[in-house]
Amino acid sequence: MITKQLIDKLDKNKYLNKDEFVYLIDNCGEDSKSYLADKALKQKEAVFGKKIYIRGLIEISNYCKNNCFYCGIRRDNKSICRYRLSKEEILECCRIGYDIGFRTFVMQGAEDDEFPDELLIDIIERINEKYPDCAITLSVGEREKSVYQAFYEAGANRYLLRHETADEEHYRKLHPKSMSLKHRKQCLYDLKKIGYQTGTGFMVGSPFQTSTNLADDLLFIKELNPEMVGIGPYISQKDTPFKNQKSGSLEKTLLMLGLVRLMLPRTLIPSTTALGTISEGGREMGLLAGANVIMPNLSPEGARKLYNLYDNKLHTGLEAAEHLHKLKKKVLSVGQEIVTDRGDYK
Ligand code: 5AD
């Protein structure tokens, strides 16, 4: 069967051309999908063994100056309550997280002009002083290179910035005119140049997405060669212009995770909250299809439900950092093991 041959070819060469990727995305049947997931899991285990790394996710602000059509915390959404964590609140999250066993803190936030760079720098320095054995990941959007540099010098090690889609025309359909794919890509190259372990990624099943778009996403990722790749299904959100668009699927997301694992064997790939949100057990399935990272929510209780990128975003139960013991059991039940480790790119 051609699809299995293409999967073997990707596994061997770590590369397929655009037509081959499109063919795979369009023609993978059940059988080939499980063939791919098995190969991806084997590849993940060849590099990382059974280990699953965890990151404590702290959602620092949901004020956003941007207006992305898919996102629930877009500027024009007047029906959500906005919040911004203080330095003390963020440090308290780290204290709690460290005790539970987190050795990476991810500070993720919307593009909030009122959250001063100096304050974030101060927080990064404090976390570094208090927890020198921890990695600090930032995910606060597009910034000047000099600002990225300053964050890095303060002690941030990693940066997440999904490219969202690598196709200009598709990018235009998901974002207002004020944003550009060119600038987003430039940010990613700047981050890499500075020395960050850099993460990019995209949503699966975002409105107007074609198989060719997905193939372009994979080829862009191959070219950038990021240390981390975040992929989750698009999920519609009721207060956005895309509220009536349908969400992405579990199956296609698992397929994309597998392809990225075979293409870039050493990348750190989270099994995302969005995957767990669209399907019960989705996150565990992600771990069996090539993902090797989970990012439980370490934000203060009150903030969690306000960071609603999409409808029904999970933030309780196994998503909650304080229930890590339950998550550990769940992960063990699928034959993998959560470890206390920074989990750096090797
Ligand atoms: N569904 C799924 N993911 C979303 N994101 C934003 N809005 C949605 C949505 N409606 C993702 C984007 C962003 C990340 C923080 O969350 O890819 O980069």
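Before moving on, here are some points about what is shown:
- The single condition from (1) in a loop (DSSP other than H, G, I, E, B); (2) surrounded by 22 or more Cβ atoms within 10 Å (Cβ to Cβ) that L138 fails is (1).
- Residue list for segment 309-333, filter: among the β-branched types (V, I, T) and not in a loop (DSSP other than H, G, I, E, B): V331
- Subset of segment 205-255 that is more than 15 Å from the chain's Cα centre (by Cα), of a type in the set (F, W, Y) and part of a loop (DSSP other than H, G, I, E, B) - its residue that is nearest to the ligand (Cβ to nearest atom): F242
- Helices (runs of 4 or more DSSP H) fully within segment 24-134 counting 1 or more residues that are crowded, with 19+ Cβ neighbours inside 10 Å and charged (D, E, K, R): 30-48
- Restricting segment 32-78 to residues that are free of Cβ contacts under 8 Å to residues at least 60 places away in the same chain and among the hydroxyl-bearing types (S, T, Y), the residue that is farthest from the ligand (Cβ to nearest atom) is Y35.
- Put simply, of G290, G317, G343, G282 the only residue that is without any contact (Cβ under 8 Å) to a residue 40 or more places away in the chain, of a type outside the set (A, V, I, L, M) and at positive phi is G317.
- Test: Q186 is modelled with pLDDT of 95 or more, surrounded by fewer than 21 Cβ atoms within 10 Å (Cβ to Cβ) and touching a Lys or Arg at 6+ places or on another chain (Cβ under 6 Å): no
- Scanning segment 5-15 for residues that are surrounded by 15 or more Cβ atoms within 10 Å (Cβ to Cβ) and free of Cβ contacts under 8 Å to residues at least 40 places away in the same chain yields L6, K9.
- Selection over segment 239-271 of residues that are under 20 Å from E223 (Cβ atoms) and hydroxyl-bearing (S, T, Y) gives a count of 1.
- For segment 198-214, a residue qualifies if it is out of contact with any His (no Cβ under 6 Å at 6 or more places or on another chain) and polar (S, T, N, Q), and the qualifying residues are T198, S206, Q209, T210, S211, T212.
- Residue that is farthest from Q108 (Cα to Cα) [pool: residues in segment 206-242 that are of a type in the set (V, I, T) and in contact with a strand residue (DSSP E or B) (Cβ under 8 Å, 6 or more places away or on another chain)]: I221
- Tabulated pairs, segment 142-166, first under 14 Å from E118 (Cα atoms), second away from the ligand (no atom under 16 Å from the Cβ) and outside any helix (DSSP H, G or I), C-beta under 8 angstrom, 6+ apart or interchain: Y148/Y196; Y152/G195; Y152/Y196; G155/I136; A156/I136; A156/Y196
- If only residues of segment 141-196 that are outside any helix (DSSP H, G or I) and of a type in the set (A, V, I, L, M) are counted, the one that is farthest from T210 (Cα to Cα) is A156.
The values are calculated or read from the model by the stated rules, or taken from the named source; none is laboratory data. Treat the numbers as computed from the prediction; the structure is a model and nothing was measured. Cβ sites come from the backbone with ideal geometry, for glycine too, and all protein chains shown count toward neighbours.
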